Amino acid sequence: QVQLVESGGGLVQPGGSLRLSCAASGSILRIAAMGWYRQAPGKQRELVAGITSDSSTNYADSVKGRFTISRDNAENTVDLQMNTLKPEDTAVYYCNADILLFGSTRFYNYWGQGTQVTVSS
């Protein structure tokens, strides 16, 4: 019923930039919070950045000042601009959203399939 599809991952050198995008599709009435998480090998999945429906944002301390999250409510998309990338940013990045479907009375949480980001020289 709902799909979150990420794009924009890849290999980048330290100090470089990448922009991740996530598009939600399906019988969507409304999207509340959206966010980006990441999971490195052998580590737990962690929140990178979150954004509410009125565009209030929060960031993990490790990415503050380097990453920027934004969303387009009309298009049901959320982006993550990543600058000054470091090797420790290497991980699979996942899109996440709380979505209210047509005909439903509650929000459900959805995940994308993930996109690999590798920062290496």
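The values are calculated or read from the model by the stated rules, or taken from the named source; none is laboratory data. Predicted, not measured: the structure shown is a model, and the values here were computed from it. Positions of Cβ are generated from backbone atoms using ideal geometry, with glycine treated the same way; all protein chains shown enter the neighbour counts. Only protein heavy atoms, including side chains, enter the accessible area calculation; ligands, DNA and RNA are left aside. Shrake-Rupley method; radii C 1.70, N 1.55, O 1.52, S 1.80 Å.
Here are the numbers:
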item: Cα-Cα P(r), the chain, percent of pairs per 10 Å interval; result: 14, 47, 29, 9, 1
item: Fraction of accessible area attributable to carbon and sulfur, the chain (%, probe 1.4 Å); result: 47
item: Neighbour cut-off at most 12 other Cβ (10 Å), DSSP loop, trypsin sites (Lys or Arg not before Pro), region 16-82; result: Lys43, Lys64
item: Approximate spin-label separation Thr68-Phe102, in nm, with each point projected 7 Å along Cα-to-Cβ; result: 3.5
item: Diffusion constant of region 73-121 at 20 °C, which comes from Stokes-Einstein with the Kirkwood Cα-pair radius and 1.002 mPa s, µm²/s; result: 161
item: Accessible area in square angstrom per residue, the chain, 1.4 angstrom probe; result: 53
item: Highest-first arrangement of 48-58, 83-93, 100-110, where packing means the average Cβ count within 10 Å; result: 83-93, 48-58, 100-110
item: Positive minus negative residues near Ile51 (Lys, Arg vs Asp, Glu; Cβ under 13 Å); result: -3
item: Reference-scaled alpha-carbon Rg (2.2 N^0.38 Å with N residues) for region 10-64; result: 1.37
